[in-house]
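Trainee: Mind looking over this structure? Questions follow.
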Amino acid sequence: MRKIRGCVALLALTASACGLAEDEVVLRPDAAGEVVIDMDEFSFGTDRIEVVAGETVTFVLVNTGDNEHEFMIGRNLVETDLGYPNGFEHDFFETTTPVVDPPSAGMDMGAMDMGDMDMGDMDMSDDDHADDDMGDMDMGDDDMGDMDMPDDDHADDEMSDGDMGDMDMGGEDAHAGFMVQRRPGEVARLTVTIPADVVGEWDVGCFRGRGSHWDAGMRTTLVVLAA
Ligand SMILES: [Cu+2]
């Protein structure tokens, strides 16, 4: 853990030497194509991640925090009816299939949710109904967690995961798109060859805690440069 933090600090120095804002942390793939990202309360430890289209990049996602965290990339923030940040309208991984190690760390909620979002009124009403039911059921749990300290949030998640298995969202809203989820101390490697059609700026975020992680600053920017 200490080693990883040291790398981030070193990159910060490199960034400032390149003429960027002094406190701006920019991560780029190393010689092996790896970008090590710390996930904790509540940040990804970087202001910006820069990659180049055509490169094969491995995001090494390290949960150095005390809560379960997730890593999502997308555009156009989606909010629930109650105004909680809840994923992205456009998933970065719509046109590519990442490899996740271990595979159980990855989860793709994209097909179902993104389809509903793009479809017409009939699908929307179905979807709203389902979301409302979920929302009402989750509210009690989650509000309590939000008012308590993050540790309680974590306890909640652990308990739910134990009962329901890996696909359980631990009382979270299900959000569209591909995500990697890690518990404290866990690491996952997310490898993807960056397609040319994703050049531009993307948001990276964690939406755990009913969007409270995002609101608390657990987000960063991914910049995909043209080859
Ligand atoms: Cu988080």
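What follows draws every value from the coordinates through simple rules; no lab data is involved. The model shown is predicted, which means the values in this text are computed figures rather than measured ones. A quick note on method: Cβ atoms are made from the backbone with ideal geometry, for glycine too, and the neighbour counts reach across all protein chains shown.
Trainee: Show the residues, 5+ positions off or on another chain, whose built amide H is closer than 5 Å to the amide H of VAL78.
Mentor: For VAL78, whose amide H was placed from the backbone, the distant partners under 5 Å are ASN86, GLY87, PHE88, GLU89.
Trainee: When averaged across all projection directions, what area in nm² does the alpha-carbon convex hull of the range 22-113 cover? Please report the intermediate quantities before stating the final value.
Mentor: Details: hull surface 31.7 nm².
Seen from a random direction, the Cα hull of the range 22-113 projects 7.9 nm² on average.
Trainee: Which order do the peptides 188-199, 35-46 come out in when sorted by mean C-beta neighbours inside 10 angstrom, highest first? List each step's numbers first, then the result.
Mentor: Numbers: 188-199: 16.8, 35-46: 21.6.
Taking the mean over residues of other Cβ atoms within 10 Å, the ranking is 35-46, 188-199.
Trainee: I've got another one for you. FRET efficiency for ASP215 and ALA31, Cβ-Cβ distance as r, R0 = 25 Å, nearest 0.05? Please report the intermediate quantities before stating the final value.
Mentor: Details: r = 36 Å, r/R0 = 1.44.
After rounding, the FRET efficiency stands at 0.10.
Trainee: Mind ordering 83-94, 203-214, 65-76, 50-61 by average Cβ neighbours within 10 Å, highest first?
Mentor: Values: 83-94: 19.8, 203-214: 24.4, 65-76: 21.9, 50-61: 17.9.
Peptide ranking by packing, descending: 203-214, 65-76, 83-94, 50-61.
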